[in-house]
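FYI, it's all coordinate maths here, none of it is from the lab. These numbers come from a predicted model, not from an experiment. Positions of Cβ are backbone-derived with ideal geometry, glycine not excepted, and every protein chain shown enters the neighbour counts.
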Amino acid sequence: MEYETFDHEADVGIRGYGRTLEEAFENAAKAMFSVMVDLRRVRPLKEFHVVAEAPDTETLLVEWLNQLLALAHLEGYLFADFGVKISEDGTRLEGYARGEPVDRDRHEIAVEVKGATYAMLEVGKEGGRYKAQCVVDV
């Protein structure tokens, strides 16, 4: 599985996996948006560029996810397709998010994610693949 969610008290944990760190970040974004909507219902009609910087790779994950949420809120969009390039030192990310405007009837929003948190924040290799996880506030 590329991504998954898990229960965490009143919030939701998200986990993205990948052969590369970039793929794990992309799948963590999918996991986060899957909390809100069935990703199969979101068409990649428009692409938005995203840049994030942080002092370390773990914090970069939180920055990436929170920038996506802010962009979604500002633009009134849902995203389901992501691409990421991460610097060698793991402190800078350039990527994109593709999606479409929110259509409350067609998208059937389950819950709103308010933000990615530092709770259970973990980025690294596990069993030959990369994992990027944290808890999101709902």
Residues of segment 53-73 satisfying the condition of being surrounded by 16 or more Cβ atoms within 10 Å (Cβ to Cβ) and within 14 Å of ILE109 (Cβ to Cβ): LEU69, ALA72
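Whether any residue in segment 38-52 is in contact with a Cys (Cβ under 9 Å, 6 or more places away or on another chain), crowded, with 19+ Cβ neighbours inside 10 Å and small (Gly, Ala, Ser) is what I want to check. First the steps, then the outcome.
Narrowing segment 38-52 to residues in contact with a Cys (Cβ under 9 Å, 6 or more places away or on another chain): none.
Looking through segment 38-52, none of the residues is in contact with a Cys (Cβ under 9 Å, 6 or more places away or on another chain), crowded, with 19+ Cβ neighbours inside 10 Å and small (Gly, Ala, Ser).
What residue, among those in segment 36-52 that are of a type in the set (A, V, I, L, M, F, W, C) and under 14 Å from HIS107 (Cβ atoms), is farthest from the chain's Cα centre (by Cα)?
Among those residues, the one meeting the criterion is LEU45.
Going by the conditions given, is ALA31 in a helix (DSSP H, G or I) and within 20 Å of GLY124 (Cα to Cα)?
Working: in a helix (DSSP H, G or I): yes; within 20 Å of GLY124 (Cα to Cα): yes.
Yes, satisfied.
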With the condition kept exactly as written, say whether any residue in segment 8-30 is buried (at least 17 other Cβ atoms within 10 Å of the Cβ), in contact with a Leu (Cβ under 7 Å, 6 or more places away or on another chain) and not aliphatic (A, V, I, L, M). yes
Tell me, please, whether a residue that is touching an Asp or Glu at 6+ places or on another chain (Cβ under 7 Å), surrounded by fewer than 20 Cβ atoms within 10 Å (Cβ to Cβ), polar (S, T, N, Q) and part of a loop (DSSP other than H, G, I, E, B) can be found in segment 87-100. yes
